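Data first, discussion second: the structure below is written as structure tokens.
Read-outs throughout are calculated quantities, based only on the coordinates presented, and are distinct from any laboratory measurement. The structure displayed is predicted, hence computed values, not measured ones. Glycine gets a Cβ as well: all are built from the backbone with ideal geometry, and neighbour counts include every protein chain shown.
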Amino acid sequence: MRPFWLEQALSAESAVNCPPLQGDTEADVCIVGGGYTGLWTAIQLKEQNPGLDVALIEADLCGAGASGRNGGCVLSWSAKYFTLERLFGVEEAVRLVKESERSVRAIGAFCERHGIDAEYRLDGTLYTATSRAQCGATDGVIAALERQGIHSFEKRPPADVQRLAGSTRHLEGWFSPMAASVQPGKLVRGLRRVALQRGVRIYENSAMTGLEEGVPATIHTPGGRIRARRVVLAMNAWMARAFPRFERSVAIVSSDMLITAPRPELLKSIGLTSGVTVLDSRIFVHYYRNTPDGRIMLGKGGNTFAYGGRMLPVFDQPSPYADQLRRSLEAFFPAFAEVPVAATWNGPSDRSVTGLPFFGQMSASGNVFYGFGYSGSGVGPCHMGGQILASLVLGLDNPWTRSPLVNGPLGYFPPEPFRYLGSLLVRNAIRRKERAEDHGWRPRHLDVRLARLAAAAGKADKG
């Protein structure tokens, strides 16, 4: 099943598919993965060294993975400040928050400069509370940002929050202008076009079937091989399955989304007229935004967990949680109760222990680099990931290559079956806890304690 966003993007472009790799070839750099991380890396490499011969292989079409099926919320790492500070110290945490905000703007500037109609709107984000138990959940991290002089948030009166978010479900909210929204498929296909224009050789429908490490390294596909001096693995959730050494570094979990049919007049009537992204303060958040053609996209994380990092068939099918998403849509927007749902979908998200991506090199020869673990929040940070991986490939000495982000996984999940069974136990406790809070009831003590395990593992970052 093609993701909704990618289908939209493909129908709007005239480009033809890049052919699969046939036969053997050589390259200075081979990138495995045609999503945001791989394409940003390719573009960054060509910007810094135009003469570099860069080849990129993609198992499907560029954008068929997470980059073409996310919610299109371009967020900074402001809300992750406590985790950044705990892991890396104040100085690096402040730098990374600033860089993440810079990436939000840089994506828009790149689209404008290269004529990419990705529906980029720098209209900010709202972090809200939709139950009394969620009220105050964001206050601590906002105060910490303010102490460090990187505070872009403003607490809005409840009436303003409800007006801006288009829903009376929100009891409080903090607004930051440092966030944007995009049509994910159009962004990734635009990056593909620019990469091709820069001279990157892209081979679609060319899955990596093997990697022989060495100098040069050899990447095998069904139709041929690429011998490359350096390799970048930008496979995101698929890394854990391809390389068993990473199996415990991430948990593969779905994020499920729906999108309505266009109703621009109805959007206008409820006041949801800007491109603001809205996230509540649940552990597995609700997030939503509108689209320029008058739709509402709504998603929720933390539903399907994969045993052993497997790519389940359901990840390429309509969401099995469609009814739950529909009920959430109607709870936020009663006026949309009769509006048809145009599509539902889901996809695998690579949740790291910290909730942050990690990067490094994995070969004895020192020429195979990787980056993944974006934990469902990669649209903006993948731009940083491209800078990190390009810097590693080029052997630069800069803040990116000196960052502790390049030290590989910063924690591991328990082995199976404990990871899978524990994930389900915690997920179900979170559901019971938040259902009770939605009704104003006191959740069970055990559910509260189990939910804290998810927060400690980086699935929430409120303090």
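Enter the angle in degrees (range 0 to 90, nearest 10) between the Cα long axis of helix 445-456 and the first principal axis of the Cα atoms of the chain, meaning the one along which they spread out most.
40
Can you list the residues of the stretch 116-147 with backbone N under 20 Å from a point 7 Å past the Cα of residue 196, pointing along Cα to Cβ?
So the set is 116-119.
Please name which of 32, 339, 441 has its Cα lying farthest along the dipole of the chain towards the positive end, using unit charges on Cβ (Lys, Arg +1; Asp, Glu -1) and the Cα centre as origin.
Sorting the options by dipole projection puts first 441.
For the charge dipole of the chain, defined by +1 on Lys and Arg C-beta atoms and -1 on Asp and Glu C-beta atoms about the Cα centroid, which residue among 148, 64, 414 has the Cα displaced farthest towards the positive pole?
414
Enumerate the amide H contacts of residue 363 below 5 Å, restricted to partners 5 or more residues apart or on another chain; note that Pro and chain-start residues carry no placed amide H.
Long-range HN contacts for residue 363: 368.
In debye to the nearest 20, how big a dipole does the chain give about its Cα centre with +1 on each Lys and Arg Cβ and -1 on each Asp and Glu Cβ?
Roughly 980 debye, rounded to the nearest 20.
Counting only residues 5 or more places away or on other chains, whose amide H sits under 5 Å from the amide H of residue 232 once H atoms are built in the peptide plane?
30, 31, 32, 369
Please list, in order along the stretch 222-233, the HN-Hα scalar couplings obtained from phi with the Karplus expression 6.51 cos²θ - 1.76 cosθ + 1.60 (θ = phi - 60°), rounded to whole Hz, x for Gly and Pro.
Here the 3J(HN,Hα) series is x, x, x, 9, 10, 9, 9, 5, 9, 10, 10, 9 Hz.
Could you check what % of the DSSP bridge pairs in the chain are antiparallel, to the nearest 5? Can you show the working numbers first?
Working: 47 of 69 bridges.
So the antiparallel bridges in the chain amount to around 70 percent.
With runs of 4+ DSSP H residues as the only contributors, calculate the mean residue ellipticity of the chain at 222 nm using -39,500 (n - 2.57) per run, divided by the residue total and rounded to the nearest 500.
-10500 deg cm²/dmol
Quick one: what are the phi-derived ³J(HN,Hα) couplings along the stretch 271-276, Karplus 6.51/-1.76/1.60 with θ = phi - 60°, whole Hz, x for glycine and proline?
Result, ordered by residue: x, 8, 10, 9, x, 4 Hz.
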